[in-house]
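Worksheet: one structure, shown below.
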Amino acid sequence: LDVALSSGGVLGCSVSNDMKAKVWDLDQQACLHTLRGHTGWVVSVKFIGSTHTLVTASHDGTARVWDAWTGDSLATLIGHDGRLNAVSCSSDGRRVVTCSDDQTARVWETFDYTCIGVLRGHTAWVNDVVLSRSGSQAVTISGDGTARVWETKTNKCRHVLQGHSDDVTCVVMTSRARFVLTGSVDGTAQVWDLAADDVKSVDVHDGKVRTAVLLLLLLL
């Protein structure tokens, strides 16, 4: 259901509806560990910064932190009231954000894995979340047809990005956190200029948009 690579490209992790995650040695093309502990589908995985620590998110309503080298469970992130749909980590490794069917996202500090904020405002399930490199901004997308831009230090919503007419299913952010690209089952993708606070429709599809990938042009 999801895969992730460590920053050095040495380790990989895959997660599945069998309620397990597997850590892979990419050089040896061998499974190092099978990570057990979730009681629901494991739907999302990310490595934290440049470390070999990873986070998995599950439909059991929890996220789990693991040492990918040893396979040890380091922490369980508990607080959501519904199944988790995705997890995101800041590039500096200081923050983790999880999102859930409970209509919220939660911000976690990686120093001791405590919840330092709850992002409330969506009126339907939260499908996904992306973080800026510094972790100071997060963008969440929801079945309510909107995306929201948050300041993670204050948990305040800076912008509500309205333009889609149906479930928003995918989101990516440029490295400098200026542009956000969202896709929806309404058949459109939207580019949002967070500096100018406006929106431009870049494509109209014949069907649902499930995945978005940023063009290198947008990284400027």
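Brief remarks follow.
- Relative contact order [Cα under 8 Å, 6+ residues apart], the chain, whole percent: 10
- Over the range 36-166, equivalent-ellipsoid semi-axes from the Cα gyration tensor in Å: 24, 17, 11
- For a label point 7 Å along the Cα-to-beta-carbon line of THR114, residues of the range 34-70 with backbone N under 15 Å: none
- Legend: translational diffusion of the range 1-95 by Stokes-Einstein, Rh = Kirkwood radius over C-alpha pairs, 10 °C, 1.306 mPa s; D = 123 µm²/s.
- Net charge dipole size for the chain [Lys, Arg +1 and Asp, Glu -1 on Cβ; Debye, nearest 20]: 400
- Taking VAL42, VAL139, VAL160 as the candidate residues, the one with maximal mean-square fluctuation in a Gaussian network model of the chain, Cα springs under 10 Å, is VAL160.
- The simple spin-label model puts a point 7 Å past each Cα toward its Cβ; for HIS159 and ASP18 those points are separated by 4.3 nm.
- Point-charge dipole on Cβ atoms (K/R +1, D/E -1) for the range 39-161, about Cα centre, debye to 20: 420
- Order of exposure, largest accessible area first, which applies to PHE179, PHE47 with probe 1.4 Å: PHE179, PHE47
- Charge-dipole axis of the chain as Lys and Arg at +1 and Asp and Glu at -1 on Cβ define it, positive-most pick from ASN17, VAL3, SER184: VAL3
- The magnitude of the dipole of the range 73-119, with charges of +1 and -1 set on the Cβ of Lys/Arg and Asp/Glu and taken from the Cα centre, is near 80 debye.
- Percent of C-alpha pairs per 5 Å bin in the chain, short distances first: 1, 8, 16, 19, 20, 16, 12, 6, 2, 0.
- Ordering of 73-83, 146-156 by packing [mean C-beta count within 10 Å, highest first]: 146-156, 73-83
- Sorted peptide list for 108-115, 85-92, criterion being average Cβ within 10 angstrom, highest first: 85-92, 108-115
The values are calculated or read from the model by the stated rules, or taken from the named source; none is laboratory data. All of these numbers come straight from a predicted model, not from anything done at the bench. Reconstructed Cβ throughout: ideal geometry from the backbone, glycine too, with neighbour counts over all protein chains shown. Only protein heavy atoms, including side chains, enter the accessible area calculation; ligands, DNA and RNA are left aside. Shrake-Rupley method; radii C 1.70, N 1.55, O 1.52, S 1.80 Å.
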